[in-house]
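I have placed the structure first, in the form of structure tokens, so that the comments after it can refer back to it.
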Amino acid sequence: MTTILSIESSCDETAAAIVVDGRIVKSNIIYSQIELHKLYGGVVPEIASRKHVEKINQVIQSAIDEAGVTWDDIDAVAVTYGPGLVGALLVGVSAAKALAYAKKKPLVGVHHIEGHIAANYIEHEDLKPPFMCMVASGGHSHLVYVKDYNQFEIVGRTRDDAAGEAFDKVARAIGLGYPGGPKVDKLAKEGNREAIDFPRAFMSDAPYDFSFSGLKSAVLNYLNGCEMKKIEINKADVAASFQQAVIDVITDNSVRAAKDYGCTKLALAGGVASNTSLRENMKKACEKNGIEFYYPSPVYCTDNAAMIGVAGYHEYISGTRHGLDLNAVPNLKIGER
């Protein structure tokens, strides 16, 4: 039995978890700063970093207490060291290094995106590589071919805005506030997804890549046009039509990539993976194409330490170890060690 203490602090969630054998989550403590950052319409890096410093020790101790383990039970300390906000990452990395040194435990640095992918292993015992995974969050839109637990190939990525970033910007434009993803998802249920014909961008030179900047601009132009012409704006229709445009591109690219790479399994990960309409759409597309579809529960879609514990476990058993010179790498590329 291998027990991992994991720490996640890449953005505005301070999180710690205890994960056993890469599948069993004994505790998963998350302190969210959403209410704090709502005042500013988005995450303020300096505020996020200071709040991490304030909360991290409490969160780690809570994870240990809830799991009912002692330091004698813990085999290694895993921590997100990139990508993310550099100040926020440094808090988690510093805490992990201090604990690893003080308790004489191995230190394992984990890639945040690889953590999101690994979240799918928690509730799906039958999911094993190889498979295709769509990672959609506020900062990333990646199509990743998961060759093995620690081997990844990016086959598609966003050219500009990430999917979650586009959700936040459109939500702000129609007056929904932050965080945009859940609010657009909720409002879209009241609207007509075919009311407005927003564009879908497909790259002829890179069929698995994404671009959401043009879609975002089209929404803003539509809103400005309505205001200039004194036309009443149906926010629910805007939300539903925008969301469907994002969903269509993500679904089409993901299924195409899975088929082209000979994958019979397709997984969804990241904050946008909790979008109910996206899940439904991808599930139908996968059923139609004979592909098994996987996604995590909402708590494992957003930033959390359980997913870092799962990814950390696979790094640990493969022999990955980091020294006390481990540093935060805000632009860490997937697959880098």
Only listed residue being in the same structural domain as ASP252 (by TED's automatic domain parsing), outside any strand (DSSP E or B) and free of Cβ contacts under 8 Å to residues at least 60 places away in the same chain, chosen from VAL170, VAL184: VAL184
Only one of ALA119, ALA76, ALA63 is in contact with a Cys (Cβ under 9 Å, 6 or more places away or on another chain), surrounded by 19 or more Cβ atoms within 10 Å (Cβ to Cβ) and under 20 Å from ASN304 (Cβ atoms), namely ALA119
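Conditions (1) of a type in the set (A, V, I, L, M, F, W, C); (2) over 19 Å from VAL144 (Cβ atoms); (3) under 17 Å from the mean Cα position of the chain (by Cα); (4) at pLDDT 95 or above, marked per residue:
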{"site": "ASP252", "(1), (2), (3), (4)": "no, no, no, yes"}
{"site": "GLY262", "(1), (2), (3), (4)": "no, no, no, yes"}
{"site": "ARG279", "(1), (2), (3), (4)": "no, no, yes, yes"}
{"site": "LYS288", "(1), (2), (3), (4)": "no, yes, no, yes"}
{"site": "HIS314", "(1), (2), (3), (4)": "no, no, no, yes"}
In this structure, is ILE4 surrounded by fewer than 20 Cβ atoms within 10 Å (Cβ to Cβ), in contact with a helix residue (DSSP H, G or I) (Cβ under 8 Å, 6 or more places away or on another chain) and in a strand (DSSP E or B)? no
Which residue, of GLY312, GLY262, GLY271, is on the phi > 0 side of the Ramachandran plot and either touching a strand residue (DSSP E or B) at 6+ places or on another chain (Cβ under 6 Å) or in the same structural domain as VAL184 (by TED's automatic domain parsing) (or both)? GLY262
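Counting just the residues of the range 38-56 that are over 14 Å from ALA88 (Cα atoms) and not charged (D, E, K, R), which one comes out nearest to the chain's Cα centre (by Cα)?
This residue is GLY42.
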Condition met for ASP237 (among the acidic types (Asp, Glu), surrounded by fewer than 24 Cβ atoms within 10 Å (Cβ to Cβ), at pLDDT 95 or above and farther than 26 Å from HIS112 by Cα): yes
When the residues of the range 136-150 are narrowed to those that are at pLDDT below 95 and not hydroxyl-bearing (Ser, Thr, Tyr), which ends up surrounded by the most Cβ atoms within 10 Å (Cβ to Cβ)? ALA136
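The values are calculated or read from the model by the stated rules, or taken from the named source; none is laboratory data. This is a predicted model, so every value here is computed, not measured. Cβ coordinates were reconstructed from backbone atoms using ideal geometry, including for glycine residues, and neighbour counts include every protein chain displayed.
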